[in-house]
Amino acid sequence: MRITLVSIHVEDQDRALAFYRDVLGFVPKVDIPMGAYRWLTVVAPDRPDGPELVLEPNAHPAARAYQDALLRDGIPVNSFEVDDVDAEHRRLRGKGVEFTRPPSDAGPVRIAMFADTCGNLVQIHARRSPG
């Protein structure tokens, strides 16, 4: 068993693609028209055959309610691993990303959280060196 697809609900697929591609640096993998929406995925640039993030429309009422509840409660919808949270925080702030939680230590990881412009909070994390 393997993880190949992970969905994130977004308010607007075009805006989500622009953010996840142009700001975060993911690479589009699949973009197939499906009526009013698209089957739209992105991958990490260094892992083109790795897990795909599906930019899923939040058109279903349950999806929108779930997304709104997480955002309202300050809970990230997902967490992406980075090599250096502080460096990534500086890079993304330079691109205008609004952080809701600055870099901070949380047990064995260093984390930060930002809004993705598509209705979600997203966390980044890096494992800390033991010691």
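Every number in this text was worked out from the coordinates using simple rules, so none of it is lab data. Remember, it's a predicted structure, so these values are computed and weren't measured experimentally. Backbone-built Cβ (ideal geometry, glycine too); neighbour counts: all protein chains shown.
Dipole check for region 5-127: with +1 at the C-beta of Lys and Arg, -1 at the C-beta of Asp and Glu, and the Cα centre as origin, the magnitude is about 140 Debye.
The relative contact order of the chain comes to 24 percent, based on Cα pairs under 8 Å that sit 6 or more residues apart.
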